[in-house]
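Beneath this line is the structure, given in structure tokens, with notes to follow.
Values in this text are rule-based calculations from the coordinates and carry no lab data. The shown structure was predicted, so the numbers you read here are calculated from the model rather than taken from an experiment. Neighbour counts run over all protein chains shown; Cβ positions are idealised from the backbone, glycine included.
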Amino acid sequence: MQIFIDTADLGEIRQLYDTGLIDGVTTNPSLAASQGVQFVDLIQQICNIVDGPVSAEVTALEAAEMIAQGQKLAALHENVVVKVPLTVEGLKACHALAEEDIAVNVTLCFSAPQALLAAKAGARYISPFVGRLDDQGWDGMQLIRDIRHIYSNYLFDTEILAASIRHPQHVLDAAKAGADVCTIPPKVFRQLYHHSLTDIGLKSFMDDWQKSGLTI
Ligand code: E4P
């Protein structure tokens with residue numbers, strides 16, 4: 001499973017990309033708005049750090065303007081993936097942009113029929129929001145399983161990008177459900193590798209090593 005980092009924070013992106021474990025980045029208008037940098041400059045800077053797909057979301061609500069914004073964003077860098085919302089206007093824009101070979105991430109997906117339409121519109125990625133469904137008392141992970149089932153039935157090559165990830169269990173379940181990508185907030189990414197038993201075990205190894213006087 002590919003791992004994307006779900007943030008627009010350049011410091012975090014630099015630090016986490018340095019692990020060699022990050023395949024791409026997703027941003028959204030809320031994340032970008034928190035950075036106090038012009039959006040186009042922000043996306044350009046992320047692309048300069050990360051060698052992989054970088055999702056940049058349009059903010060227009062009508063297809064024609066979404067397409068124009070998408071073309072502008074796609075022209076910034078070959079790794080830009082244009083993000084459009086899962087509305088009928090977004091699907092129209094997705095179809096038009098895909099026809100121009102521009103990669104599109106259809107976001108704000110909350111149902112399997114929506115995901116089916118995004119695949120038919122030629123989306124490179126579909127972003128089901130697992131955590132926001134859970135927040136409402138639904139089973140967000142079931143949506144990933146349903147989409148996997150539908151896409152496999154028809155051999156759609158749209159990649160399932162599990163989004164709105166809240167904790168490491170979501171990442172594990174998304175991998176088990178066959179998501180192609182999981183986009184993870186920095187805090188949850190760090191929780192993936194941190195384990196208190198690792199810290200305790202390492203401390204006792206180092207203590208014993210120190211006492212022994214051995215060297216490498
Ligand atoms: C996806 O691309 C979105 O940026 C993101 O996952 C939204 O997650 P949230 O529900 O934590 O805002």
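So, in region 172-216, of the ones that are of a type in the set (S, T, N, Q) and assigned to a helix (DSSP H, G or I), which residue ends up nearest to Ile13 (Cα to Cα)? Working first, answer last.
Pass one, region 172-216, residues of a type in the set (S, T, N, Q): 183, 191, 196, 198, 204, 210, 212, 215.
Right, trim to assigned to a helix (DSSP H, G or I) and you get 191, 196, 198, 204, 210, 212.
Numbers: Gln191: 16, Ser196: 25, Thr198: 25, Ser204: 32, Gln210: 35, Ser212: 40 Å.
So the residue we want is Gln191.
If you take the residues in region 134-161 that are among the aliphatic types (A, V, I, L, M), under 17 Å from the mean Cα position of the chain (by Cα) and not in a helix (DSSP H, G or I), which one is nearest to Ile184 (Cα to Cα)?
Top of the filtered list is Leu161.
When region 169-190 is examined, which residues are found to be over 12 Å from Ile3 (Cα atoms) and touching a strand residue (DSSP E or B) at 6+ places or on another chain (Cβ under 9 Å)?
Listed by number, the residues that qualify are His170, Asp173, Ala177, Gly178.
Which condition number does His77 fail, the rest of (1) farther than 25 Å from Pro185 by Cβ; (2) touching a helix residue (DSSP H, G or I) at 6+ places or on another chain (Cβ under 6 Å) being met?
With (1) farther than 25 Å from Pro185 by Cβ; (2) touching a helix residue (DSSP H, G or I) at 6+ places or on another chain (Cβ under 6 Å) applied to His77, the lone miss is (1).
Yes or no: region 16-28 includes at least one residue that is surrounded by fewer than 15 Cβ atoms within 10 Å (Cβ to Cβ), within 22 Å of Ser127 (Cα to Cα) and away from the ligand (no atom under 14 Å from the Cβ). Step through it out loud before you land on a result.
Let us first name the residues in region 16-28 that are surrounded by fewer than 15 Cβ atoms within 10 Å (Cβ to Cβ), namely 18-21.
Among the residues that remain, those that are also within 22 Å of Ser127 (Cα to Cα) are: 21.
With the extra rule that they be away from the ligand (no atom under 14 Å from the Cβ), the set shrinks to 21.
Yes, because at least one residue in region 16-28 is surrounded by fewer than 15 Cβ atoms within 10 Å (Cβ to Cβ), within 22 Å of Ser127 (Cα to Cα) and away from the ligand (no atom under 14 Å from the Cβ).
Suppose we keep only residues that are within 22 Å of Leu116 (Cα to Cα) and in a loop (DSSP other than H, G, I, E, B) within region 162-171. Which one would you say is farthest from the ligand (Cβ to nearest atom)?
Ranking the qualifying residues of region 162-171, first place goes to Ile165.
Could you list, in sequence order, all residues of region 14-30 that are outside any loop (DSSP other than H, G, I, E, B) and either charged (D, E, K, R) or more than 19 Å from Ala74 (Cα to Cα) (or both)? Outline the logic, then answer.
Let us first name the residues in region 14-30 that are outside any loop (DSSP other than H, G, I, E, B), namely 14-17, 24-26, 29-30.
Selection gives Arg14, Gln15, Leu16, Tyr17, Ser30.
In region 47-67, how many residues are exposed (fewer than 13 other Cβ atoms within 10 Å of the Cβ) and aliphatic (A, V, I, L, M)?
Residues in region 47-67 being exposed (fewer than 13 other Cβ atoms within 10 Å of the Cβ) and aliphatic (A, V, I, L, M): 2 in total.
Since Pro128 meets every condition but one in (1) in a loop (DSSP other than H, G, I, E, B); (2) within 11 Å of the ligand (Cβ to nearest atom); (3) without any contact (Cβ under 8 Å) to a residue 60 or more places away in the chain, which condition does it not meet?
(1)
Name every residue in region 20-63 that is over 24 Å from Glu159 (Cα atoms) and of a type in the set (Ser, Thr, Tyr), in order of residue number.
Ser34
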